[in-house]
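Asker: Please read through the structure below; I'll follow up with questions.
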Amino acid sequence: MSIVTWIERIGTSTREGVTGLGFAVRMLAGMLANVGVWFTRTRLVVGQIHFLGNYSLLIMVVSAAFIGAVLGLQSFYTLSRLGAEQAVGLLVALALVRELAPVIVAILFAGRAGTAVTAEIGLMKAGEQLAAMEMMGVDPMNRVFAPRFWAGGFVVPVLTTLFALVGVYGGYAVAVLWLGVDEGAYWSVMNSGVDVQADIMQGLLKSFVFGLAVSFLAVYEGAMARPTPEGVAQATTRTVVKSALMVLALDFLLTAVMFS
C-alpha cells in the first residue's frame, strides 16, 4: 500500500472524526437548550419516561436483588473475620448508593433502553421520517431528540433509587434471615453510617449525569447510523460499548471530585 493511500485514509478518518465531533457538540447543545420540552412537549416526555422505565424495570429489580444478596454474603464473611459482622448493612448500603447502583443501572439502562432508542431513531432515519419532519417544518431536535434525552436523565435516578432499595433488602435477606445477623444492628448501623448529602445525594447526582450521558449517546448514534439494517445494528452495538466506557470514565471523574 502506497504512502499516498495511507495519507488519504488518515485524512479521511480525521475529517470524519472532526465532523462527528462537531455534530455531537451541536446536538448536545441543542438538547440542553431544549430543556423546555418538559413544558412544551410534556406528553412526549412522559411517554418516553414510561417507555424507558418499562424497558428497564424488570432487569433492574432482579439484578438488584441478586447483587444485594451477594454483597450481604461477601460482607458477612469478610467482616466476621474482624468481629464486625453487625456492620454488614452499612457496607451493603454504602457500596450500593455510592458506586454500584449508579454504575450498574446506567450500564443496564444502556443495554436495555439505550439500544431501543438508538434503533428507533436509526429506523426513523432509514425511513426518512426525520427528513420528512424537517420538510414539514417540524424540528426533530424538539420533537424526537430532546424528549428522549431528558426522559433518560429522569429515569436513571429513579431506577437507581429503586435498585439501591431492592439491593439493601437483598442484603437483609441473606445477612439477617439466612446468616443470623441481628436485625436491629443491621438497620441501626446502616442508619447511623449513611449520610444523606454525602452518600445518597451524590449517588443520585452521579446517576443523573450517567442518565444524560447514556441518553445522549443513544440519540447521537441513532442519528448518525447509516440508513441500512446493518448500519442500525452497528449503531446499537456502539451505543452499548461507548456508554459503558463513558459511564466508567465519568464515575472516576465524579468520584475524584466528590470525595477529594
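Each value in this text was obtained by applying a stated rule to the coordinates, not by laboratory testing. Because the structure is predicted, anything quoted here is derived from the model rather than measured. Virtual Cβ from ideal backbone geometry, glycine too; neighbours counted across all protein chains shown.
Asker: From Cα pairs below 8 angstrom and at least 6 apart in sequence, can you work out the relative contact order of the stretch 34-258, rounded to a whole percent?
Answerer: 35
Asker: Per-residue ellipticity at 222 nm for the chain, helices alone: DSSP H runs ≥ 4 residues times -39500 (n - 2.57), over residue total, nearest 500 deg cm²/dmol?
Answerer: -26000 deg cm²/dmol
Asker: Also: What ranking, highest mean first, results for peptides 253-259, 160-166, 222-228 when packing means the other Cβ atoms within 10 Å averaged over each residue?
Answerer: Per-residue mean Cβ counts within 10 Å order the peptides as 160-166, 222-228, 253-259.
Asker: Pulled fully out, how much extra length does the chain show between L82 and E134, if you take 0.36 nm times their separation in residues and subtract their Cα-Cα distance?
Answerer: 12.2 nm
Asker: Compute the distance from the alpha-carbon center of the stretch 49-98 to that of the stretch 169-240, in whole Å.
Answerer: Going from one Cα centre to the other spans 11 Å.
Asker: For the stretch 84-90, what does the Karplus curve 6.51 cos²θ - 1.76 cosθ + 1.60, with θ = phi - 60°, yield as ³J(HN,Hα) per residue in whole Hz, taken in order and with x for Gly and Pro?
Answerer: 10, 5, 5, 8, 4, x, 5
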